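Please read the structure below before turning to the comments.
Values in this text are rule-based calculations from the coordinates and carry no lab data. Note that the coordinates shown come from a computational prediction; the quantities given were computed from them, not determined experimentally. Positions of Cβ are generated from backbone atoms using ideal geometry, with glycine treated the same way; all protein chains shown enter the neighbour counts.
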Amino acid sequence: MKIYVDEQKRYEDTKATGQCFTGVGAIGLIAIVLLDTGVIKLAALDSVNKLMVSIVMGLVFLIFFIIGIKSFMELRDISKKIDRNNSLEEEIMEYVTVTHRDELMTLASSGEKGDACSGDLYYKRAELITSVITEKYSLLEESFLDHMVEEIYSKIYSDIVEE
């Protein structure tokens with residue numbers, strides 16, 4: 001089972017990754033150029049070592065820079081997914097709470113009578129919410145479906161105290 005990762009958090013993490021890698025890569029590449037042109041002088045480096053340092057470190061900083069740029073390019077896709085998930089989340093929430101509210105509240109009131117233990121009741125309610133969602137939205141990712149079940153469950157049953 002995959003754990004749901006909020007797309008907004010993923011967007012922020014990817015943006016921070018892009019900024020760090022691009023910044024370190026650019027500063028490193030500039031430092032290598034300054035070292036090769038003689039603006040920065042390191043006494044411990046002879047011409048062979050200087051060449052090796054320039055090549056190896058240049059490749060490392062270039063890879064960092066490329067990773068940063070790819071992270072920035074990924075932000076566009078994540079932003080679209082954020083919009084899509086937010087609208088889908090609102091749509092599912094409204095569909096379930098409006099269309100199936102009576103059915104869900106019937107199961108809520110049966111829990112108040114003490115017919116089943118709270119663990120069994122939780123699983124019955126979660127199973128009902130899952131079936132209601134999947135009958136209309138059958139192509140949801142499993143992690144997103146689990147997230148929606150938890151959100152709807154807490155919205156509907158939060159005011160009911162189970163013993």
(request) For residue 151, put the label point 7 Å out on the Cα→Cβ axis and report which residues of segment 64-92 keep their amide N under 12 Å from it. (result) 82-92
(request) Cross-chain or 8 or more residues apart, Cα under 30 Å: how many lysine pairs in the chain fit that? Count them up, please. (result) 28
(request) Sum -39500 (n - 2.57) across every DSSP H segment of at least 4 residues in the chain, then divide by the residue count to get the 222 nm mean residue ellipticity, nearest 500. (result) -27500 deg cm²/dmol
(message) Apply the a/c threshold of 1.5 to the C-alpha gyration tensor of segment 1-65 and tell me whether it is rounded, prolate or oblate.
(response) prolate
(message) If I compute mean projected area of the Cα convex hull in nm² from the structure I just sent, which labelled value in (i) 9.2; (ii) 10.9; (iii) 14.5 lines up?
(response) (iii)
